[in-house]
Every structure is written in C-alpha cells, then in structure tokens.
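Encoded as structure tokens, the structure appears first; notes follow it.
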Amino acid sequence: MTIQFNDETFRDDYTFRNSQWAIDRFPFPFHEDSYMYSVNMEQHQGGPAGSVFEKRFDVDEHYVSEMKDRALVLAEDPLRCQCLPHMTLAGWDLLELIMVSKSEDYPDLFELHREGNNWHWINKPLGIDHKFVFLDETTLPYGPMEYITRQSQGDFAVLDQRDDNLWMDAGMVTTQADWSLDFDIGMNFFEWHAPVPKANEMGIFVRALKFLLNIQQGTPARRLNWTMTVNPLLDTSPENYHKWGVQKTTLTPENIGTKQHLRVELQTFFRLPRSNALVFPIRCYLISLQDLVTVPKWGRRLHRVIRDLPVELATYKGFIDNRPMIVDYLSQFDDGLPTSDGIWPDKNTEPPLQT
Amino acid sequence: MSKFEFPESINSRPVWGTLEPRPGKSHLMIADAEGAEALLELAKADDRLMSKSTILYFPKGTGETYLEDLENLGAAQLYVGPSYSAAVARLRRILQDAHMGLQIYLSGTESLMGQAMREAADAGIPHSAIQTEHRGSVARRMQCVHCKGITDDVMTDPFVCSHCGLNLFVRDHYSRRIAAYQGVCVDAENPGNVPEPVELYS
Amino acid sequence: MSAGTNKIAVTVSEVVEVNELVKRFRFVRSDGGLLPTFSGGAHTVVEMHDGEIQRLNPYSLMSDPMDQTAYTISVRRDDVGRGGSLFMHTQVKPGDQMVISYPVNLFSLDLRARKHLMIAGGIGITPFLAQIKQLTATNGRFELHYACRSPALGSYVDELCDHHPNNVHIYYDEQKQSIDLEHLLDGQPLGTHIYVCGPKGMIDWVRGKAEALGWPREAVHYEEFLAPQSGKPFEVKLAVSNKVIRVGEHQSLLEAIEAAGVDAPYLCRGGACGQCETDVIGYDGKFLHYDHWLEDDQKASGKKIMPCVSRFEGKTLVLDR
C-alpha cells in the first residue's frame, strides 16, 4: 500500500492524530489483564501482514512529521545525538542495515543502488537523493549513524559488546521516555537501567543481558515496553522536564480522553556485522485513550492493568498522581467481561462494550 | 573521622573500595584533603611501593595537616597543588607518557576521584582497574540535566543549580563520563513548590 | 530452532594445501548470493556429514571481513582427534555442498584500543588474519607476534611478512626462537590491548605474565577453542524429551543430544561461550569437565555440565533436556 503521510505536530498545538489504520495496527503491549516485568523477548522475523512487526523497520503515516520533530530537537540540543569515537564503524553498520532493509521492504519509498563502495540512496518521502562513498565519513553531511537516524523513526541506542557486557556508546535519542543519552552514554547495561525499580531484584536484567549478548547476525529479537504520556509529546526528555513536566497537571476528567496517551515502545535488537556491536532501536507509538478504547478488548484490559499496577511502577512511569483520574475514565470502558489472550484487537470475536 | 559508610544504592552509583598495593612498574596516586590518610596506609602496606610512585595531592581545607607525613613517604615524585583543576594539564601530561602496567590509586572526595578516574579512563585504563577509597567530605559533584552545568561540593537536597538557577533534587544516578551525579528539577510539576533543603545522608 | 544462528548453504570453491598439516577451504554461497560481512575474530560452525556421524566444528574465518563473495577457513589436521579435521582433509573436495552457520564473534577487537598487540601460536593465527585485514582497512595500529614450529609449517608467514613487514614478528620453535614476553609487554602505551590465540599453555603464559606486570584483566583477550575429547562411551537420560541416548567414543555429548533429534543451544562448541550450559537432574558417577566456562565450585557441585566438550563416567546421568 502507499502510505499517506500526516502533516502534524508533536509539540505546541499537538495536531498529531492516528488514522483508523494506525489505531487498528497499534502495538498494544498487554497480552493479559495484568502487567509485571518479564524478559518478554521474541524473534524479530516478521509478523502478521500490516502489523508494526511485519517489517524490520516499520514506516507509518507519522514518518515525515516525526523526522521534522527530530530535526527541531537536534537544532535545540545537538547532544541528543552522540557517538563515541570507536563506534563509527557501528554507525556504518547501522546505516547499511537500515538502507538495505528499507529499500527491500518499501521499494516504492526507498531505493539503494550500490556499486562497490559507491552508494546511491533515494528517500522519496523526505526528498533525499544522495550519492556517497560507504565507509568514507567525509562524503556524508553527518556521521553515518546521525545521517541515517535522521531518516528513521524511533530512538537508536548503539551498544558496544565487551567484557561480557553491553555499553551504551552511541545513540540518537529524541523520543525517549525520560532518560538522557548525554548522561547515560558510556554506561554499561546495569548502570543505565539502574533507576528502574524492582526489576533488578527480580533478576530481570541479568537474564535480559544474557539473552542480548547472544543475539547473532541474522536473528534479531524484539519486545514491547510502555508508559503513559500527557499530550502526544515525543520528546519527553529529562533535559526539558522543567518545561513539559507541568503538562501532567493539565489533565481534567473532560480532556483526559484526548490528552492522556498510552506510549508504547517497540524495541528491537540487531547484531551489527562489521563492528560486532548491537543496535537497539526503540520505536515510540502514541495513542490517545479515546482512540484506544474504540477497541473493546483494549479498553477493558487497560483499565485492569492500570488499576492493579504496583505503586512503584506507576511512580517510576510518572503517572502516580494522575492514576485515579485515568482509572476513573477507563472504568467506563470495562464491563467486567473476560478478555481473549494475546495483544491483538480481536475486533470480530470480542463482544462490544455492554452498557 | 574521615571514613563514611555510604548507604546501599542503585547500580549506577559508584562503590568506592580500599586501596591496596598491586604489582606494577609504576604507580600514580591522586588524593585530596583527608584522602592523604589512605595513601599513608597504602604506603604502610608495602614499603617498596613509594619509590616507584608519583603523588598528586590537593590539601583543600586540611592545610598543612598531612604534608609532612606525605613528604616522609619518599615518593619518587610528590606534587602538592592548590586545586585539582589547576593540575589537570599536568595529569594529562603524566598519562601521555605512561605505559601499560601503571597502577592508579585515587582517594579523597567523590568529586576528585570521579574527575581523575575520567582522565585515566580516557587515557586507556579500564575504569574497573582503577582503585579508589573515599575519605573526607561526602559533598557531591552534580550535573544539572537541564543546562548541563556542574555544581560542585553540593551538601543539600534539593540545591540550586549554580548556572541556571533551577531547584534540583539529588539523584544517585551517576555518570563516569561526566564525573557527576544527576540533578533534576524538583518543582517541574508544581512550579514554586520547593521542599526545604536537607543535608545529604541526614 | 537451535543455537540462535542462521545457517547458510555453501559450495566449496577451492581447497588449497597450505603445508603438510594445514588445508585452506573457500566457501561461496550455493544460491550465488553474497555472504554476510563479519567482524575480525568471528568463527563459523561447519556441519560435516561423515556417514552416520554428524559433526559441527567451529573454525575462525580468516578472509577479509568486508569480502562478501567468499569465506575462507584453515583446518589443521589432527590425526589423533575425533575425526572432524581428518574428514575435512580427506573427504571435502571442490564442488561439495556444505552447511555453515552465520558468523559468531566471541573474540572481537576492542575498538577503543590505541594499539592491538596480537600473540599467535600455530593454527591460532587464523582469527588474526581477518582482524589484521579489518584493522588495515580502518587504519588501526597492530603488532603481531607469531610463534610456529618451523618455516615449512608456518602457515601464512610469507603473506603476513610481505604485506606488513613492520608489524609482524615470526618465531620458529625449531630454531629456538621464542617471544620475549616480559620485554614485549614492558613499555606498551596506555590503551594497548593484548589478544592471544594458540595452545592453552601459551594463553596461560600470556595471561599470567600480563597480570604479574599489572595489566588490567579487561585489556587481555584470548580465544581457546577446545576440541571435544574422545572418551569412553556413556549413557544419558534426557528428562524433558524422555529419551535415553548413548554417547559414542568419538562423539561429544552435545552431538549425541542433537543426533537424538533434541534441540539444544550452542555457539562456540568449544567450552568457552556458556550457551550450552545444561542442568544435571541426577547422577551416579564422575564428571569429566573440560570446559572453561563453569567455575570450579559449579564443576564440583554436580549440577551443571557443558555438553559441547565435557563427558561423564559412571552408572547414570540425567539431564534437563
């Protein structure tokens, strides 16, 4: 299909909207009516046609506007994209992975022509037509990681692997759930996850690291993570927290359906061949509660998950103060009926809301 | 009493150790204030160490207290300077000429150890191979996550960023690369509502 | 799906006798496509179907990591081993179809290093051949010290010396030449990393000397693939799949598990990576732990075994597979 790209904003007047197509394919993160941390990894080798899991790097209707928002963030704060010197080769690996994947998966939108190291890249949605020499930084306007991630939705953490650990040594981070690349760059897997409550004691990170260290070329993996965001604000950064934090206090029972968004991260993991580094794309999907509850199963389930979430997690995810209002709102869409297993909307089999 | 037992914390918070002699052809020791005590104990543990050692020492508020004892250690080189920042170029020059096998010992405040560790790591020594021992003040070197400015010797939580003036709370999240803890706006969701500052670890 | 690695169908395009002990094999993709690039130090697992027996042996990739047209490996003939290298030497011919794994790197360069100091013994030269090509392409600084038995058995000595006359140093045992390690490790600039690949004795020697000279553990890298040892046959019960299997004299426990059609994870098949670690449910007998993954207390506990290289002697062994 040809994607119609939205012209929309993720700040100020917040004109971001999901089409019916985007709502139907939203990556709802809860496979049952409750939530606790787990190492919920699976192979990233495609998925149902049309789903966000189908392609290696999902491109959707928000692509062009998200890339504009990224450019705005970087103009204000260039430290959101950093690459320690030894990670340049990994940057080229990432550029190749994304260009090859997108040109194969979306041939109508992206083209890559290669003759030896002379590469020709065409990105039609963004109007880019560029010839450059692979592995020669001087032929690109930015470093290879920055160049390609200015053209790819989602954040990218590029991890060096050494001493049986992963090190966050490069990244492009402008759509983050409140963590700072500038502060965390250079940290190992346990250090950058240190602020996450409970998961450490549960042994989650030891198991997750073991899994990630063994991801090999040709066998990428994925998982979903989530939080809540007031307004469709992509850039919920610690850097700007003193500016956006106050937006959390603007929720009212009247506006909560349109203002409160579920924020879902599709996290994928690919081994990079030349550098032996691991890239960790973190793709952010936003949906307003009002749109989400149009899927009866999701309305029922989200109410139950948010209501029963342990206090530490609601605090860490930053919505403890707003939880009562969110639960109140969602309770209208939970009639107590059982829900089907799995994350899919099951619109044809799940009953409509009983009123 | 120059020793302090830090409460257990998250994985990114540095855990300081106790200096012990290690094999190596040369040794570099960097200390401030009460950190001198850890070097004196280290010298006692192995009396052959000092003849292969360079010491950089910054007395800060302790004045002359430890100078005579340090001079009596017989280090190959003892430099006493007014501040760490004044000695950074000297430290970099020393590291430039150094070879693998060099042992590094840091003692004193978290600020001093953090900054010296960053230099040594940048020069190619794995941070986990650098020995540390905390002594003296528990004040913290803080980075404002908003303006990126560093405020040193922070003793209260919250505190005021010395660059942008925001009221920041003190996190245990620590960056080796910045050699500082993270300070985050305390009244972002409730502007003007700043809790009364309390002394750290009180 | 086993092991977390994809497989590639390849055709043997060339077999070259490097010297009387070593043969070099060149693989191209059977479907005519390009092979994945890789990082210097990576290995591939080669599947060998030798009559009834299936063997999976890891070999370091020695070709240019950027060259996607072919992979090359070198195999040293081991006349008293379990037969994998003999199979490669005597059975594999140009035109043969084989299956290899995607590259896996358990011996990668630390790209932060100011200088890479490589120490190789014998056939341990192979991962360095790829690493040197990678470093040459990216202007990395390296120095190679390569010990081999004699000029006649010095695989790739001429090529290395021709291409890198200032960076390569050769030592022939037969001529009583040896690496002056103490002198070599003394005076290396900060940020130097050591890489050693060769016999166990050499690895232990380098690691011990580096530690004594105050080198950080993180700056010393080594790769030692153990070949699985032959031993007395033994029986094993696989509890999860409810099967009793027999491990033959020249078969590894992992190979016997695979031969029984039971899925078991692996990466290095040489006792190093930890991927095949298996829980022991019960036993009556003695473990022969040959891996260097398990800690000594784990080996003594009788609760874990690395089936890629370790064996068992006794009455019963029950595994969680």
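What the table shows:
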| item | result |
| --- | --- |
| Hz values of 3J(HN,Hα) by residue in segment C:29-36 - Karplus curve (6.51, -1.76, 1.60), Gly and Pro given as x | 5, 5, 7, x, x, 8, 7, x |
| Semi-axis lengths, Å, chain C, gyration tensor of Cα atoms, sqrt of 5 times eigenvalues | 34, 25, 18 |
| Local electrostatic count, B:LEU49, Cβ distance below 11 Å [Lys/Arg +1, Asp/Glu -1] | +1 |
| Distant-in-sequence amide H partners of B:ALA180 (H built 1.01 Å from N, under 5 Å) | B:SER175 |
| Per DSSP, loop GluC sites (Glu not before Pro) in segment A:1-84 with at most 14 further Cβ within 10 Å | A:GLU32, A:GLU54 |
| Debye intensity ratio I(q)/I(0), log10, chain A, q values 0.10, 0.13 Å⁻¹ (C-alpha model) | -0.62, -1.07 |
| Spatial separation of Cα centroids for segment C:233-264 and segment C:134-168, in angstrom | 42 Å |
| Shape of segment B:1-133, Cα gyration tensor, a/c cut at 1.5 | rounded |
| Peptides ranked, highest mean first, by Cβ atoms within 10 Å: ranges A:337-347, C:302-312 | C:302-312, A:337-347 |
| 21 Å Cα cut-off, lysine pairs counted over chain B (separation 8 or more, or different chains) | 5 |
| Inter-chain Cβ neighbour average for residues C:100-112, partner chain, 10 Å | 5 |
| 25 Å Cα-Cα threshold exceeded, pairs from A:LYS259/A:LYS297; C:LYS7/C:LYS237; A:LYS68/A:LYS102; A:LYS210/C:LYS304; A:LYS131/C:LYS115; C:LYS209/C:LYS299 | C:LYS7/C:LYS237; A:LYS131/C:LYS115; C:LYS209/C:LYS299 |
| Amide H within-cut-off set for C:CYS276, under 5 Å, with H built and near neighbours excluded | C:LEU267 |
| Cα-based shape type of segment C:115-223, given that a ≥ b ≥ c are square roots of the gyration tensor eigenvalues and the cut on a/c is 1.5 | oblate |
| Using alpha-carbon coordinates, inclination of helix C:126-137 to the longest axis of chain C, degrees | 50 degrees |
| Cα-based shape type of the protein assembly as shown, given that a ≥ b ≥ c are square roots of the gyration tensor eigenvalues and the cut on a/c is 1.5 | oblate |
| Backbone HN-Hα couplings from phi across segment C:314-321 [Karplus 6.51/-1.76/1.60, Hz, Gly and Pro as x] | x, 7, 9, 9, 10, 10, 7, 9 |
| In order through segment C:94-104: 3J(HN,Hα) via Karplus (6.51 cos²θ - 1.76 cosθ + 1.60), integer Hz, x for Gly, Pro | x, x, 5, 8, 9, 10, 10, 8, 4, x, 10 |
| DSSP bridge orientation in the protein assembly as shown - percent antiparallel, rounded to nearest 5 | 70 percent |
| For C:LEU106, distant residues with modelled amide H under 5 Å away | C:HIS43 |
| Reachable aspartates and glutamates from A:LYS347, criterion Cα separation under 13 angstrom, eight or more residues apart if same chain | A:ASP24 |
| Shielding score for A:82-88, defined as the mean number of other chain Cβ atoms within 10 Å | 2 |
| Along chain C, longest interval not containing exposed GluC sites (Glu not before Pro), exposed being DSSP loop plus at most 13 other Cβ atoms within 10 Å | C:53-248 |
| Estimated D of segment C:137-195 in µm² per second, where Rh is the Kirkwood radius over Cα pairs and Stokes-Einstein applies at 37 °C, 0.692 mPa s | 255 µm²/s |
| Cleavage-rule hits, chymotrypsin sites (Phe, Trp or Tyr not before Pro), segment B:136-202, DSSP coil, Cβ neighbours within 10 Å at most 16 | B:TYR201 |
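FYI, it's all coordinate maths here, none of it is from the lab. All values reported here derive from a predicted model rather than from experimental measurement. Methodologically, a virtual Cβ is constructed for each residue, glycine included, from the backbone with ideal geometry; neighbour enumeration extends over all protein chains shown.
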